[in-house]
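A short worksheet on the structure shown next.
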Amino acid sequence: MTGRKRIRNLLLALVGLAVLASGYPAPSIAQDRSADDQIGAPANPSKDAAPRRVVIRFLTDSDFPPFDFYDEDGVLVGFNVDLARAICLELNTSCDIKVRPWEELFPALQKGEADAVIAGHRVTAAALKQVDFTDRYFHTPGRFAARKDTAKIEMTPSGLEGKRIAVARGTAHEAFLRAFFRDSPLVVYENPDLAREALAAGKADFLFDDGISLAFWLNGTLSRQCCEMRGGPYLEPKFFGDGIAIAVPKNDPQIRLLLNKALDRVRASGRFEELVQRYFPVRIY
């Protein structure tokens, strides 16, 4: 099972909503813009300007909450879905969002059946052989958690010396701990659920886990409100990837330019932060 599938299955089982990064400005969304300010319709066109698109065709999947999933009424919703719509609003285009199984997304993009894929793809060397990517819009940090009654200490290799750290076997999080927290005894479990339960039961002093799914667990019923995050986020690309981005075809640089400009506008308008707060109310960064 891939790392993304593991995260996906965890998120499906958890209750509540988590957060994204700070650092994005938050004025309200600008609805009124002059024609010269419209993306794709510059006042002084140049060879680098992308022509306006009448419609942007997005593909996503439907089982990666809170990024993309069907609600109780069978309506496709999620952070990625709303972000795609916000992008289309900034581009003044129609938005066509269709669902495909995860394994069919890149092949469909390569066949020209869509303009972009917004489904939580991590930017990796393997993925870059098949598609291009926009600027990153999300990261998945590693985070520590502890029981709320645990004394506050420095979350550093020296501060955690001798402390038992629960972690899931065969994950990037285990590899990270073995590389940088060598003086901490690891309590390795077969999956993240067992590692989290070990922390809650006092079988480990700390837990190191994926920040997104960990936030879901902490804010949900399964944790019984036992624990909290400690220390800062760990974002080393070697272990935790180079972020999440929108996949675009390699033979269409114009769509990448359009989407990057739209992403910038969504952030500047405050709409991005609104979506973050809607789907991720517990900060993971």
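Points to keep in mind about this one:
- Theoretical FRET efficiency, 1/(1+(r/R0)^6), r = Cβ-Cβ of Ala175 and Glu113, R0 25 Å, to 0.05: 0.10
- Legend: calculated FRET efficiency, Asn92 to Gln225, from the Cβ-Cβ distance at R0 = 41 Å, rounded to 0.05, equals 0.35.
- GluC sites (Glu not before Pro) lying in DSSP loop within region 184-285, provided at most 12 other Cβ fall within 10 Å: Glu190
- Projected-area average for region 142-240 over all orientations - Cα convex hull basis, square nanometres: 5.4 nm²
- Efficiency of FRET between Ala201 and Glu236 - r from beta-carbon atoms, R0 25 angstrom, step 0.05: 0.30
- The modelled label-to-label distance for the pair Asp63/Arg136, using points 7 Å beyond Cα in the direction of Cβ, is 2.8 nm.
- Label-to-label distance, Lys250 versus Asp149, with points set 7 angstrom from Cα along the beta-carbon direction: 5.7 nm.
- Region 142-240, dipole about Cα centre (Lys/Arg Cβ +1, Asp/Glu Cβ -1), debye to the nearest 20: 120 debye
- What the phi angles of region 172-178 give under the Karplus curve with 6.51, -1.76 and 1.60, with θ = phi - 60°, is a coupling list of 4, 5, 5, 4, 4, 4, 5 Hz, glycine and proline written as x.
Any read-out appearing in this document is the output of simple, stated calculations on the displayed coordinates, not a laboratory observation. Predicted model only: the values in this text are computed from it and were never measured. Cβ: placed from backbone, ideal geometry, glycine included. Neighbour counts: every protein chain shown.
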